[in-house]
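Worksheet: the structure to be examined is printed underneath.
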Amino acid sequence: MTAPTEGHEAPAEDGDLAANPLTALRLAKHEAIVAGPGYPYRYHRTAYAADLHDRYQALGPGTETTDRVAVAGRLMAQRRMGKLVFAVLQDPTGRIQLFVDQRTLGDAAFGAFDDLDIGDWLGAGGVVLTTKKGEISVRIDSFELLAKALRPLPDKWHGLQDLETRSRRRYVDLMVNEDARRIALTRAKVVAELRRQFEARGYVEVETPVLLSQATGALARPFRTHHKALDQDMYLRIATELYLKRLVVGGLEKVFEVGRIFRNEGVDATHNPEFTMLESYEAFADYHDIMDMVEEMVAACATVAVGSTEIAYQGRSLDLAPPYRRERMVDLVAAAVGESIDFDRPIGEMRQLAERHGVAIDPIWGHGKIIDQLFEKLVADDIWEPTYVTDHPKEVSPLARQHRDDPNLTERFELFIAGAEYGNAFSELNDPLDQRSRFEQQARARAEGDEEAHPIDEDYLLALEYGLPPTGGLGIGVDRLVMLLTDQHHIREVILFPTLRPES
């Protein structure tokens, strides 16, 4: 028999299993099983850990039932006490203790159980009981080794602490870090709730292309690839917007898509080159309607994720219950610089204003881009409570409809919470002539060196010429929303497999 084990062994380095003493013994056990009975092809589980804890929580200490169950999962700990072994089995819902008695199993089976290693997958059958200390357990009378863990798990006290390592070895992270499992499951709940919210409002979920001949729908640098059969360069999408609006033109009046988006940009705590965006478009709505919808949906997602609209984020409290504050971007910038912001002001004065506040100026920028950059520099990081920053300059909003009261602005908002942007929405630009003019302006900026400027999309312009009704559009960063609702400060924590440099 192996020595009694509490918790996990020290982690084994990657490499040859036979060359490492920590893995050589496990490898020998595996080879013996393969040469002998082999591993089973399936196992019939009848109960999960969480179900057992819920069902038997009122059972008094030292009580044994006649209820038989079959549990299955990964062996996470075992503690030998003479002719007893107390083991911990982990399944997707939590952990359950296995009460392993030599008198119940018999000598041979008890020895085989004692020879298991931490990390092994097993199924076990027996009756439910509580120990003298009241621990809900399963007294097993049979078990099957379902798969051998050839590498030991990380030490139970230290686990995987380094974010880089946890991101690369997410499968190990999920095994040993309860918080990693909580985040993954909460993300699934949030995405499901977003879908439910849209479907309840009559939206239809659709799918649009990932490979495009032009990367359109946002101001961003794309990834480029090559299609061999067509012998042409193509781009991974940077947004789903223009294809979704084509569908509204076609008569699908309420559409949404939860999809992966690819932007060839920097990697930091809130940006990953591959991320998840929810985009939606609703005919006959404007950006005021979308604001009302978004705050209701965010509150619903918070309730599903944490049970309340009141959450804690980075040590501070946040209330995500509607209504949300609504402020114009120009007013927020004016308050930050202590003077009025006017589009009639000479551009030279605007540049001087920006430089006084530490904003490096590009000569091709107009008033709108300068205002946008002053907002990013002076205001965005300090917004804590949920706030709609509205009425963005036309220069930085080529797909948004001109504001009904100010030709320099658009009917656009971004949702800011805790210093980060979580959503972007417009009253959509539906005039094909105005849209062409905006695209041409973007094309001039592109020719002058702005790699993120929007190209002219002739097919989309053709679609607009068939008529797009008044439409309210929305984009929500799903990863950032999950970060907020799970109290995470780095986007890698909420993406199961983030983009990383190859290991040397």
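The values are calculated or read from the model by the stated rules, or taken from the named source; none is laboratory data. These numbers come from a predicted model, not from an experiment. In this analysis, Cβ positions are derived from the backbone assuming ideal geometry, glycine residues included, and neighbour counts consider all displayed protein chains. Side chains included, ligands, DNA and RNA excluded: accessible areas come from the protein's heavy atoms. Shrake-Rupley method; radii C 1.70, N 1.55, O 1.52, S 1.80 Å.
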(message) Restricting to the range 216-243, name every residue that is surrounded by 14 or more Cβ atoms within 10 Å (Cβ to Cβ) and either of a type in the set (Val, Ile, Thr) or under 14 Å from Gly259 (Cβ atoms) (or both).
(response) Thr216, Gly217, Ala218, Leu236, Arg237, Ile238, Ala239, Thr240, Glu241, Leu242, Tyr243
(message) Among the residues in the range 486-493, are any surrounded by fewer than 20 Cβ atoms within 10 Å (Cβ to Cβ) and in contact with a Phe, Trp or Tyr (Cβ under 7 Å, 6 or more places away or on another chain)?
(response) yes
(request) Kindly indicate which of Gly123, Gly36, Gly106 is without any contact (Cβ under 8 Å) to a residue 12 or more places away in the chain and open to solvent by less than 30 Å² (accessible area, probe 1.4 Å). (result) Gly106
(request) Output the residue which, of all residues in the range 87-96 that are open to solvent by less than 30 Å² (accessible area, probe 1.4 Å) and of a type outside the set (Val, Ile, Thr), is farthest from the chain's Cα centre (by Cα). (result) Ala87
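Can you confirm whether Val127 is aliphatic (A, V, I, L, M), farther than 27 Å from Pro152 by Cα and in contact with a helix residue (DSSP H, G or I) (Cβ under 9 Å, 6 or more places away or on another chain)?
Values: aliphatic (A, V, I, L, M): yes; farther than 27 Å from Pro152 by Cα: yes; in contact with a helix residue (DSSP H, G or I) (Cβ under 9 Å, 6 or more places away or on another chain): no.
When the stated conditions are applied, Val127 does not pass them.
Filter the range 450-463 down to residues that are in contact (Cβ under 8 Å) with a residue 24 or more places away in the chain and either outside any loop (DSSP other than H, G, I, E, B) or more than 33 Å from the chain's Cα centre (by Cα) (or both) and give me whichever is surrounded by the fewest Cβ atoms within 10 Å (Cβ to Cβ). Lay out the reasoning, then the answer.
Looking only at the range 450-463, we keep the residues that are in contact (Cβ under 8 Å) with a residue 24 or more places away in the chain, and these are 450-455, 457, 460-461, 463.
This time we only want the ones that are either outside any loop (DSSP other than H, G, I, E, B) or more than 33 Å from the chain's Cα centre (by Cα) (or both), so: 460-461, 463.
Working: Tyr460: 23, Leu461: 15, Ala463: 20.
Here the residue is Leu461.
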(request) Considering each of Arg480, Arg438, Arg401 in turn, give the residue that is within 22 Å of the chain's Cα centre (by Cα), buried (at least 20 other Cβ atoms within 10 Å of the Cβ) and of a type in the set (Lys, Arg). (result) Arg480
(request) Scan the range 309-348 residue by residue and report those that are aliphatic (A, V, I, L, M), in contact with a strand residue (DSSP E or B) (Cβ under 7 Å, 6 or more places away or on another chain) and assigned to a strand (DSSP E or B). (result) Ile311, Leu318
(request) Look through Gly475, Gly419 and report the one residue that is out of contact with any strand residue (DSSP E or B) (no Cβ under 9 Å at 6 or more places or on another chain) and open to solvent by less than 30 Å² (accessible area, probe 1.4 Å). (result) Gly419
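Considering Leu163, Leu174, which residue is farther than 28 Å from Asp114 by Cα and open to solvent by 30 Å² or more (accessible area, probe 1.4 Å)? Can you show your working first?
Working: Leu174 fails: farther than 28 Å from Asp114 by Cα.
None of the others qualify; the one that does is Leu163.
Take Asp382 and decide whether it is surrounded by fewer than 20 Cβ atoms within 10 Å (Cβ to Cβ), at negative phi and either touching a Gly at 6+ places or on another chain (Cβ under 8 Å) or at pLDDT below 95 (or both). So that I can check it myself, show each step before the final result.
Working: surrounded by fewer than 20 Cβ atoms within 10 Å (Cβ to Cβ): yes; at negative phi: yes; either touching a Gly at 6+ places or on another chain (Cβ under 8 Å) or at pLDDT below 95 (or both): yes.
Yes, satisfied.
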(request) Scan the range 364-379 for residues that are open to solvent by less than 30 Å² (accessible area, probe 1.4 Å) and closer than 24 Å to Asp487 by Cα and jot them down. (result) Val379
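Within the range 109-120, work out how many residues are assigned to a helix (DSSP H, G or I), open to solvent by less than 10 Å² (accessible area, probe 1.4 Å) and not acidic (Asp, Glu). First the steps, then the outcome.
Keep residues of the range 109-120 that are assigned to a helix (DSSP H, G or I), which gives 109-114.
Checking which are open to solvent by less than 10 Å² (accessible area, probe 1.4 Å) leaves us with 110, 113-114.
So of that shortlist, the ones also not acidic (Asp, Glu) come out as 110, 113.
Residues meeting the conditions: 2.
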(message) Would you confirm, using the coordinates I've provided, whether Asp344 is within 30 Å of Val306 (Cβ to Cβ) and without any contact (Cβ under 8 Å) to a residue 40 or more places away in the chain?
(response) no
(request) For residues that are touching a strand residue (DSSP E or B) at 6+ places or on another chain (Cβ under 6 Å) and open to solvent by 10 Å² or more (accessible area, probe 1.4 Å), tally how many sit in the range 288-308. (result) 1
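Between Val258, Val190, Val210, which is open to solvent by 40 Å² or more (accessible area, probe 1.4 Å), of a type in the set (A, V, I, L, M, F, W, C) and under 25 Å from Pro498 (Cα atoms)?
Details: Val258 fails: open to solvent by 40 Å² or more (accessible area, probe 1.4 Å); Val190 fails: open to solvent by 40 Å² or more (accessible area, probe 1.4 Å).
Answer to the selection: Val210.
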(message) Restricting to the range 39-75, name every residue that is in contact (Cβ under 8 Å) with a residue 40 or more places away in the chain, of a type in the set (Val, Ile, Thr) and open to solvent by 60 Å² or more (accessible area, probe 1.4 Å).
(response) Thr66
(request) Hey, could you check the range 7-23 for residues that are over 32 Å from the mean Cα position of the chain (by Cα) and surrounded by 14 or more Cβ atoms within 10 Å (Cβ to Cβ) and say which is modelled with the lowest pLDDT? (result) Leu22
